[in-house]
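The structure that follows is given in the form of C-alpha cells.
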Amino acid sequence: MLHIYCPYCEEMREEEEFNPAGQAHIERPLQPEELSDEQWARYLFFRKNPRGLHHEMWVHAHGCRKYFNITRNTVTYQIMETYKMGLQPNITASKEG
Amino acid sequence: MSNLIQVESPLHHAQLDQLIGQSQSGGIIFHEAALFGHLNLRGNADDDAFLTGVQEVLDVALPTTACSSAKSESAQIMWLAPDEWLIVVASGSEYDVEEKLRATLKGHFAVSDISGAQTLIELSGMNVIDLMKKSTGYDLHLDSFPIGKVVGTTFAKAGAHILRLSEDKFQLVIRRSFSDYVWLWIQQSSKEYGLSIV
Ligand SMILES: [Zn+2]
C-alpha cells in the first residue's frame, strides 16, 4: 500500500483514499480549430508510458477531493514528490540524468 | 414549517429511537445526530472580505488550516478542502443561515444546502478506539488525530469525514446512500464490545 502526501491536506494518507487520474501537465490547445486531425488526436489520445520517472495526476477522492501531481517511478512505485496543480515538478528525468 | 412535510433521516428505518436504552453496558455508544442543517460553502480563503463575511454570519472565524474545525453557538464548521467547508447548523435554521450568507458575501462563492445528502453519527464508549481501528486506516493516536481535527478518509471503505470530539468520541459525516451500510457495519463490528444506542 502506498503512503501518499496530499499537498492540500498537508499530510500522508493511505492509498485507499486516492485515485490515479492519468498523465499530468497536458494542456488543452488554446485554438483547437486550428489543429490538424493528427495534432488533435495526439492531444486527446496519446500518452507517455515511460519506464522510470513519470508525472501523473492523482485525486484525493475520499479526502479534500483535489487533484494534484505526483512524480513517480513506474518501475519501483517510489513516489519522489507530490505538488499542487499549476506547479512544476522539482524532479525530472533530465535532472536525474 | 408546514406540518405536512415529514422529514426522515437516512436511518429512519432502523428505528433508533426504539433501541435507545435497550442495552446499557455496551463498549460502543452510538448516536445519530439526525436532521441537522448541512451547508456546503465554497470560496476563496485568501479573500479577506469572504472570511470576514462568513465570520459575521456564523460568529466564528472560518477554519483555514488544513483538517481543522471551528464551533460557535449556532454552527459547527469543518474544513473539507482549501476552498470548501461544511457548516452544520440546528435543524430548521439552514435556510436562514444560507440566506444570511448570500446577503453578506460578495463575489465568487457558492453555498448549497446539502442537508438531505448526508447524516451525522457519533461514536463513543470505552472500546471506540478498537472499533475505529477496524474501520479506518487513519492513525488515531492523539499526536496525529488531536481533538478538533477533521479528516476526510474512509470508514469501512465508505467515504466519511471524521471529526474527533474528544479523546474517545468521534463524529462522522456519512452519505445518505451509505448510511444503512455503515449502520450494519457498526452493529457487526461492535458485537464483541456490545452496542448501546443513545
Ligand atoms: Zn487532500
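Values in this text are rule-based calculations from the coordinates and carry no lab data. Everything quoted here is computed from the prediction, not taken from an experiment. Note that we place each Cβ from the backbone using ideal geometry, even for glycine, and neighbour counts take in every protein chain shown.
If only one of B:Ala45, B:Ala103, B:Ala70, B:Ala49 is hydrophobic (A, V, I, L, M, F, W, C) and either touching a helix residue (DSSP H, G or I) at 6+ places or on another chain (Cβ under 8 Å) or assigned to a loop (DSSP other than H, G, I, E, B) (or both), which one is it?
Within the list B:Ala45, B:Ala103, B:Ala70, B:Ala49, the selection yields B:Ala45.
Within the stretch B:142-174, work out how many residues are surrounded by fewer than 16 Cβ atoms within 10 Å (Cβ to Cβ), within 14 Å of another protein chain (Cβ to nearest Cβ) and either more than 20 Å from B:Gln118 (Cβ to Cβ) or in contact with a strand residue (DSSP E or B) (Cβ under 6 Å, 6 or more places away or on another chain) (or both).
3
Restricting to the stretch A:16-30, and then to whatever is loosely packed, with under 14 Cβ neighbours inside 10 Å and within 16 Å of the ligand (Cβ to nearest atom), can you tell me which residue is nearest to the chain's Cα centre (by Cα)?
A:Pro20
Next up: Within the stretch A:31-72, track down each residue that is among the charged types (D, E, K, R) and within 14 Å of chain B (Cβ to nearest Cβ).
Listed by number, the residues that qualify are A:Arg65, A:Lys66.
Please work out which residue is nearest to B:Leu80 (Cα to Cα), limiting yourself to the stretch A:40-72 and to residues that are of a type in the set (S, T, N, Q) and touching a Leu at 6+ places or on another chain (Cβ under 9 Å).
Filtering the stretch A:40-72 for residues that are of a type in the set (S, T, N, Q) and touching a Leu at 6+ places or on another chain (Cβ under 9 Å), the one nearest to B:Leu80 (Cα to Cα) comes out as A:Asn69.
Something else about it: Which of the residues belonging to the stretch A:52-97 are within 13 Å of the ligand (Cβ to nearest atom), more than 11 Å from the chain's Cα centre (by Cα) and among the aliphatic types (A, V, I, L, M)?
Answer for the stretch A:52-97, where residues must be within 13 Å of the ligand (Cβ to nearest atom), more than 11 Å from the chain's Cα centre (by Cα) and among the aliphatic types (A, V, I, L, M): just A:Ala61.
Select from the stretch A:2-30 the residues that are in a strand (DSSP E or B) and either more than 14 Å from chain B (Cβ to nearest Cβ) or touching a Lys or Arg at 6+ places or on another chain (Cβ under 7 Å) (or both) and list them in ascending order.
The answer is A:Ile4, A:Cys6, A:Pro20, A:Ala21, A:Gly22, A:Gln23.
Moving on to the next point. For the stretch B:172-197: of the residues being in contact with an Asp or Glu (Cβ under 9 Å, 6 or more places away or on another chain) and of a type in the set (A, V, I, L, M, F, W, C), which is farthest from B:Cys67 (Cα to Cα)?
B:Ile197
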